[in-house]
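Visitor: Dumping the structure here so I can ask a few things about it.
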Amino acid sequence: MYAVIKTGGKQYKVSVDDEIFVEKLEGEAGSQVTFDEVLAVSDDNGIVRNKKVIISKYKAKKGYRRKNGHRQPYTRVLIKAINV
């Protein structure tokens, strides 16, 4: 079972017990967070709930690129359950 959630302007494909890094969220360490924007949920039988999902990949065409600049603060999130 997996779900596609949207937070911080990005989409994440998550399953139970996945650990993801998302844009910084408000709250204390160890507190529970609920993601309201669930775009799709899939189980063994296929997609249960679906909204417009955009998944894109980027592949560099040439050259070496180095990015200088700031590092965005992230929040580490552990997915404990997916409820429809």
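Visitor: Under 6 Å between Cβ atoms, which residue pairs at least 6 apart in sequence (or on different chains) link something in region 54-75 that is closer than 18 Å to LYS24 by Cα and surrounded by 10 or more Cβ atoms within 10 Å (Cβ to Cβ) with a partner that is basic (Lys, Arg) and modelled with pLDDT of 75 or more?
Guide: THR75/LYS24
Visitor: Restricting the search to region 1-43, which residues are basic (Lys, Arg), within 12 Å of the chain's Cα centre (by Cα) and surrounded by fewer than 12 Cβ atoms within 10 Å (Cβ to Cβ)?
Guide: If the condition is that a residue be basic (Lys, Arg), within 12 Å of the chain's Cα centre (by Cα) and surrounded by fewer than 12 Cβ atoms within 10 Å (Cβ to Cβ), then LYS10 is the only one that fits.
Visitor: Consider THR34 carefully, then state whether it is within 16 Å of GLY8 (Cα to Cα), polar (S, T, N, Q), at pLDDT 85 or above and part of a loop (DSSP other than H, G, I, E, B). Show your work before the answer.
Guide: Details: within 16 Å of GLY8 (Cα to Cα): yes; polar (S, T, N, Q): yes; at pLDDT 85 or above: yes; part of a loop (DSSP other than H, G, I, E, B): yes.
Yes, satisfied.
Visitor: Has region 64-74 got at least one residue that is hydroxyl-bearing (Ser, Thr, Tyr), more than 16 Å from VAL4 (Cβ to Cβ), in a strand (DSSP E or B) and at pLDDT 80 or above?
Guide: Here is the first cut: in region 64-74, the ones hydroxyl-bearing (Ser, Thr, Tyr) are 64, 74.
From what's left, more than 16 Å from VAL4 (Cβ to Cβ): 64, 74.
After this cut, where a residue has to be in a strand (DSSP E or B) as well, the list is 74.
Those still in the list that are at pLDDT 80 or above too: 74.
So far as region 64-74 goes, yes, one or more of its residues are hydroxyl-bearing (Ser, Thr, Tyr), more than 16 Å from VAL4 (Cβ to Cβ), in a strand (DSSP E or B) and at pLDDT 80 or above.
Visitor: Could you please find all residues in region 37-50 being among the acidic types (Asp, Glu) and out of contact with any strand residue (DSSP E or B) (no Cβ under 9 Å at 6 or more places or on another chain)?
Guide: If the condition is that a residue be among the acidic types (Asp, Glu) and out of contact with any strand residue (DSSP E or B) (no Cβ under 9 Å at 6 or more places or on another chain), then ASP44 is the only one that fits.
Visitor: Considering each of TYR12, TYR2 in turn, give the residue that is out of contact with any Ser or Thr (no Cβ under 8 Å at 6 or more places or on another chain) and of a type in the set (Phe, Trp, Tyr).
Guide: Details: TYR2 fails: out of contact with any Ser or Thr (no Cβ under 8 Å at 6 or more places or on another chain).
From the options TYR12, TYR2, the qualifying one is TYR12.
The values are calculated or read from the model by the stated rules, or taken from the named source; none is laboratory data. A quick note: this is a predicted structure, and the numbers were derived from the prediction, not measured. FYI the Cβ positions are ideal-geometry reconstructions off the backbone, even for glycines, and counts take in every protein chain you see.
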